[in-house]
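The block underneath contains the structure these notes are about, expressed in structure tokens.
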């Protein structure tokens with residue numbers, strides 16, 4: 001495992017580093033460990049320098065968010081496998097070993113995530129990634145173990161190695177050469193869904209993404225930006241549209257985007273009905289930025305666009321109309 005670099009992106013996260021870094025040090029034998037700091041204004045870096053002298057520190061010049069923050073930091077990492085780990089992840093004994101073995105045995109696998117469980121409800125999957133991600137025809141993300149707000153209990157049903165469409169940015173493994181071949185994360189995204197965009201671009205180049213269910217970690221979730229924050233709603237809606245604009249197959253680009261924009265409109269009406277006006281504004285603002293940068297993202301499209309990117313036509317229809325709440329009966 002000496003070719004794996006565990007890289008934790010930090011911004012004013014001293015309390016999280018105090019709690020979770022000891023687990024990473026204890027259970028990541030032979031891996032290099034880095035803290036990549038996005039110009040924190042607290043004492044987190046001074047704390048790491050004092051308490052964990054074996055950890056390598058990379059200091060970015062500004063708060064670049066997830067996408068640019070990692071792009072800048074990873075320029076200074078030499079190991080062949082990047083393990084991008086949120087500062088609110090608790091790793092477990094031998095979490096790296098099965099993932100390292102998977103990379104060694106399957107050279108076509110470029111991206112891997114472990115099974116991600118809820119830090120507070122430890123027998124339950126965690127929202128951001130669960131047991132591996134997919135998207136439907138209209139770009140809505142869901143997971144093995146989590147469809148919209150329905151989160152499954154972990155009963156060992158996903159303790160396997162399986163192909164997925166996207167891996168969670170909370171605990172994201174990628175080969176170094178593939179990361180840079182694809183150009184890294186799209187820095188326009190700042191944060192949220194940049195990992196899905198990267199996985200989609202990898203898929204379009206015939207690389208594989210997998211979940212390794214024999215490895216698991218626990219995730220606090222929302223430590224940087226809560227689900228109740230309208231900024232998160234704005235980023236998710238905007239970045240999803242940008243991602244689709246970049247990666248949809250040519251013949252489906254405008255028909256699929258038209259339906260997706262209509263569905264976003266229905267979501268806006270729901271926020272209006274609920275009196276959640278700041279979230280309504282977040283959706284409207286996301287559409288404004290989508291149109292503002294339309295040609296910028298059209299220019300990011302590559303010549304090859306593959307077709308079979310989804311497992312189900314509409315997870316929205318299956319979930320809200322047909323009542324298929326769990327992954328195994330949602331397809």
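Report, ordered by the first and then the second residue, all pairs with beta carbons closer than 6 Å, sequence separation of six or more or different chains, a first member in segment 283-309 that is outside the structural domain of residue 136 (by TED's automatic domain parsing), and a second member that is outside any helix (DSSP H, G or I) and surrounded by 13 or more Cβ atoms within 10 Å (Cβ to Cβ).
Qualifying pairs under 6 Å: 305/249; 307/249.
This table checks each residue for (1) assigned to a helix (DSSP H, G or I); (2) outside the structural domain of residue 124 (by TED's automatic domain parsing); (3) surrounded by 22 or more Cβ atoms within 10 Å (Cβ to Cβ).
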| position | (1), (2), (3) |
| --- | --- |
| 183 | no, no, no |
| 197 | yes, no, yes |
| 203 | yes, no, no |
| 234 | yes, yes, no |
| 251 | yes, yes, no |
| 257 | yes, yes, no |
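Per-residue answers, yes or no, for (1) within 21 Å of residue 16 (Cβ to Cβ); (2) outside the structural domain of residue 257 (by TED's automatic domain parsing); (3) in a strand (DSSP E or B):
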residue: 70; (1), (2), (3): yes, yes, no
residue: 75; (1), (2), (3): no, yes, no
residue: 102; (1), (2), (3): no, yes, no
residue: 116; (1), (2), (3): yes, yes, yes
residue: 138; (1), (2), (3): no, yes, no
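So, of the residues in segment 297-331 that are assigned to a helix (DSSP H, G or I) and over 23 Å from the mean Cα position of the chain (by Cα), which turns out to be surrounded by the most Cβ atoms within 10 Å (Cβ to Cβ)?
Narrowing segment 297-331 to residues assigned to a helix (DSSP H, G or I): 297-298, 315-321, 327-329.
When the remaining residues are screened for being over 23 Å from the mean Cα position of the chain (by Cα), the result is 317-318, 320-321, 329.
Numbers: 317: 15, 318: 19, 320: 13, 321: 9, 329: 11.
The extreme case among them is 318.
Among 155, 159, 227, which is at pLDDT below 95 and assigned to a loop (DSSP other than H, G, I, E, B)?
Details: 155 fails: at pLDDT below 95; 159 fails: at pLDDT below 95.
Result: 227 is the single residue among 155, 159, 227 that is at pLDDT below 95 and assigned to a loop (DSSP other than H, G, I, E, B).
Are any residues in segment 46-63 assigned to a loop (DSSP other than H, G, I, E, B) and either farther than 25 Å from residue 81 by Cβ or not assigned by TED's automatic domain parsing to the domain that holds residue 76 (or both), and if so, which ones?
Filtering segment 46-63 down to residues assigned to a loop (DSSP other than H, G, I, E, B) leaves 52-55, 60-63.
Matches in segment 46-63: 61, 62, 63.
Which of the residues belonging to segment 83-95 are buried (at least 24 other Cβ atoms within 10 Å of the Cβ) and assigned to a strand (DSSP E or B)?
Residues satisfying the conditions are 83, 84, 85, 89.
Which of the residues belonging to segment 17-32 are within 23 Å of residue 79 (Cβ to Cβ) and either touching a strand residue (DSSP E or B) at 6+ places or on another chain (Cβ under 9 Å) or in contact (Cβ under 8 Å) with a residue 24 or more places away in the chain (or both)?
Here is the first cut: in segment 17-32, the ones within 23 Å of residue 79 (Cβ to Cβ) are 17, 20-32.
Those that are within 23 Å of residue 79 (Cβ to Cβ) and either touching a strand residue (DSSP E or B) at 6+ places or on another chain (Cβ under 9 Å) or in contact (Cβ under 8 Å) with a residue 24 or more places away in the chain (or both): 17, 20, 21, 23, 24, 25, 27, 28, 29, 30, 31, 32.
Select from segment 104-154 the residues that are free of Cβ contacts under 8 Å to residues at least 12 places away in the same chain and farther than 26 Å from residue 313 by Cα and write down the one among them that is surrounded by the most Cβ atoms within 10 Å (Cβ to Cβ). It would help to see each step written out before you state the result.
Let us first name the residues in segment 104-154 that are free of Cβ contacts under 8 Å to residues at least 12 places away in the same chain, namely 104-105, 107, 121, 149.
When the remaining residues are screened for being farther than 26 Å from residue 313 by Cα, the result is 104-105, 107, 121.
Working: 104: 11, 105: 9, 107: 9, 121: 13.
Top of the filtered list is 121.
Kindly list, by first and then second residue, each pair from a residue in segment 33-45 that is farther than 14 Å from residue 60 by Cα and not assigned by TED's automatic domain parsing to the domain that holds residue 80 to a residue that is modelled with pLDDT of 95 or more and part of a strand (DSSP E or B), limited to pairs with Cβ atoms under 8 Å and residues at least 6 apart or on different chains.
Partner pairs satisfying both residue conditions: none exist.
The values are calculated or read from the model by the stated rules, or taken from the named source; none is laboratory data. Predicted model, so just to flag it, every value in this text is computed and none were measured. Neighbour counts run over all protein chains shown; Cβ positions are idealised from the backbone, glycine included.
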